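The values are calculated or read from the model by the stated rules, or taken from the named source; none is laboratory data. Computed from a prediction, not measured in an experiment: that's the story for all the values here. Here Cβ is always computed from backbone atoms with ideal geometry, including for glycine, and neighbour counts include all displayed protein chains. Please note that ligands, DNA and RNA were not included when accessible areas were found on the heavy atoms of the full protein model with its side chains. Shrake-Rupley method; radii C 1.70, N 1.55, O 1.52, S 1.80 Å.
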Amino acid sequence: MNILVKNAKVIDPSQGTDGICDITIENGKIKEVRKSGGAEARKKTNADVRTSAYAGFEVIDAEGLLVVPGLVDMHVHLREPGFEYKETIRTGTEAAVRGGITTVCCMPNTKPVNDNAGITEFIINRAAREGACSVYPVGAITKGQKGEELAEFSIMHDAGCIAFSDDGRPVMDSLLMRRALEYSKILKALIISHCEDLSLAAGGVMNEGLVSVTLGLRGIPPQAEEIMVSRDIALAELTGGRLHIAHVSTAGSVEIIRAAKKRGVADITAETCPHYFHITEEVAAGYNTFARVNPPLRTRADVEAIRQGLSDNTLDVIATDHAPHHMDEKTVEFDNAPSGISGLETSLGLSMKLVEEGVLSLSQLIEKMTLNPARILGLLSGGTKGTLRPGADADLVVVNTKDEYRVDPGGFRSKGKNSPFDGWTLKARPAITISNGRIFRWE
Ligand code: DOR
Ligand code: ZN
């Protein structure tokens, strides 16, 4: 189907586009993005639409709306195979497009673990049949994510794994992590590190501090993350491998990454998630299990440091770490609840708050949700994802930035209703998402 999106305010950091444009889509690809600012140009487009120039086009009038490339979320748990009661590839990708996300990377902590080409192919095939958006599997670093033996990187890479991670768990053995980075270098694949020193975390369930003491819960000090951030940067230096640090949650981690980037030592990148720049350990007060997440929510000072790290580009990417869980699993004692937040459908609205609050410019924010993850994943070369360049996949999101709405997890497409942002008032909301040329419309 051919599509014309007209009179949109388009922001595309990949081309420095910031203005009123018409976008044409043909055969599932971006054909052209043309400036349409000014009354004359607008009149011409409207006249062309009435006549034959756009015969057979689906016309979307985006006047007064923002259009950006489809968001790229490089950290998502789709749960299939094995945990379909929490989420499936179908429901997870439907939640993604509802959130304006058209590309997701899915983490390997499924059952069985995605540590072999058979599982990778299963995910790719199911996503092709049932997925609402593009899905790129992340393979496990170690077999069964047990941290003992490397998985078959090369075979999994050939099968379609775009990166490797033991996310959900760290690779505690430094020699194994060294080898993983060495292989990643040969394959030009990315290693995504879940930074957590398990011995120091010592079975903790929330941030170590006043709140954990008050609640009588075992705490995890920020150093459990920071030690591993330091180690992995050292190993990236040693090997020259491509390291991406997942879900940064502490001020100390931001500082370590900033210093490493400044030294120019290694090809490292890092991400954080909306919960780490909006909420603190205080949300866990009252034993709110929706605030249990790994790494844990930290302090106000950490939140401020994460914001600063985003602002000065120490942190390259905003990802969700979408971690849906069943309500029955979360409706238990804090100690027994699984970690995770359902994030796909609040990511854009929560992130846009950073623009409203003056932390990031709009184009800087969009860069961290489109161009940067696409570039880090190698999806930009050839111009397929994270960009509105001619020839790119027809992925974009039309955002209503004016109407306020309340977050209602009951209405999520995701099976995971576990959100600590229930009842928050947000502004930016996708009105239409175009994913690989398919139109999803809600307003
Ligand atoms: O909170 C989290 N949930 N952190 C992780 O690292 C894993 C994830 C999950 O799979 O539920
Ligand atoms: Zn994760």
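Within segment 310-339, restricting attention to residues that are within 16 Å of ligand 2 (Cβ to nearest atom) and among the β-branched types (Val, Ile, Thr), the residue that is nearest to ASN109 (Cα to Cα) is THR320.
Of everything in segment 19-46 that's among the hydrophobic types (A, V, I, L, M, F, W, C) and open to solvent by less than 40 Å² (accessible area, probe 1.4 Å), which residue is farthest from the chain's Cα centre (by Cα)? Per the criteria, the residue is ALA41.
Filtering segment 314-335 to residues that are of a type outside the set (A, V, I, L, M) and either open to solvent by 30 Å² or more (accessible area, probe 1.4 Å) or within 14 Å of ALA251 (Cβ to Cβ) (or both) leaves THR314, HIS326, ASP328, GLU329, THR331, GLU333, ASP335. Write out, first by first residue and then by second, each pair whose Cβ atoms fall under 7 Å of each other, whose residues are 6+ apart or on separate chains, and whose first residue, in segment 328-355, is part of a loop (DSSP other than H, G, I, E, B) while the second is among the basic types (Lys, Arg) and open to solvent by 10 Å² or more (accessible area, probe 1.4 Å). Matching pairs, first to second residue: ALA337/ARG292; SER339/ARG292; SER342/LYS417; GLU345/ARG98; GLU345/ARG413. Counting only residues that are basic (Lys, Arg) and within 21 Å of HIS275 (Cβ to Cβ), which one in segment 397-443 is surrounded by the fewest Cβ atoms within 10 Å (Cβ to Cβ)? For segment 397-443, the residue satisfying everything is ARG406.
For the residues SER311, SER339, SER249, the requirement of being under 24 Å from ASP73 (Cα atoms), surrounded by fewer than 21 Cβ atoms within 10 Å (Cβ to Cβ) and within 14 Å of ligand 1 (Cβ to nearest atom) singles out SER339.
Whenever a residue of segment 101-119 is assigned to a helix (DSSP H, G or I), its partners that are among the aliphatic types (A, V, I, L, M), lying with C-beta atoms within less than 7 angstrom and at least six residues away or across chains, give the pairs ALA117/ILE155; ALA117/MET156; ALA117/ALA159. Among residues that are buried (at least 19 other Cβ atoms within 10 Å of the Cβ) and either in a helix (DSSP H, G or I) or modelled with pLDDT under 95 (or both), VAL135 is not included. Return yes when LEU215 is within 16 Å of ligand 2 (Cβ to nearest atom) and out of contact with any Asp or Glu (no Cβ under 7 Å at 6 or more places or on another chain) and no when it is not. In short, no. In this entry, SER184 passes the filter for residues that are touching a strand residue (DSSP E or B) at 6+ places or on another chain (Cβ under 8 Å) and either assigned to a helix (DSSP H, G or I) or hydroxyl-bearing (Ser, Thr, Tyr) (or both). Listed by first and then second residue, the pairs linking a residue in segment 221-246 that is on the phi > 0 side of the Ramachandran plot to a residue that is open to solvent by less than 40 Å² (accessible area, probe 1.4 Å), with Cβ atoms under 9 Å apart and 6 or more places separating them unless they lie on different chains, are GLY240/LEU181; GLY240/ALA266.
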